Amino acid sequence: MKRFYSSPVKSIPKLMSLILLFINVYKLQTQKPDCNFNDTNGYFYHWAFDGDNRNFDFELTNSTSSEIKSKITNYENQRGDGETNTISNNGFPQTHIYPDSIFNLFIKMTYEGIVYDFSYIVYDTKPEFTAKIVT
């Protein structure tokens, strides 16, 4: 009489596959939290109209609701100019001086154990105008 025996070693990959599938389905069902990051002075944009003011005094605020903030455990602010810092909920507003250029600002936050990314483009540019004289 033959015995049918399944080795536990063979069933481990199947179990791991099911666990990974469950985790991915769980992540798909969780909705990205409605976080509101803002620039105090505008829409992440600064035009230096005078030649003396070439730096953008940027202030990042977090106007996310208290209910959502209470479930956020960590923020990581990648400013796009090589600086990265970790922020707590009460660490806002964040100030930073950007030189004349365009930067990608990334904010990673951990909400209920899942990391979410938010990205913004920060513009600090001197406007260029092309004038055409019509006679």
I want to check the label-to-label distance for residue 86 and residue 70. Put each point 7 Å from Cα in the C-beta direction and report it in nm to one decimal. 2.4
Rounded FRET efficiency, nearest 0.05, which uses the C-beta distance separating residue 36 from residue 102 and R0 of 22 Å: 0.45
Once you put a point 7 Å from the Cα of residue 63 and another 7 Å from the Cα of residue 121, both along the Cβ direction, what distance in nm separates them? 2.3
Karplus-derived 3J(HN,Hα) from phi for region 33-41 (6.51 cos²θ - 1.76 cosθ + 1.60, θ = phi - 60°), whole Hz, x at Gly and Pro, runs x, 7, 9, 10, 9, 9, 9, 4, 8
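Quick note: the coordinates plus some simple rules give every number you see, no bench work behind them. Quick caveat, the model's predicted, so the values are computed rather than measured. Using ideal geometry, Cβ is built from the backbone for each residue, glycine included, and neighbour counts are taken over all protein chains shown.
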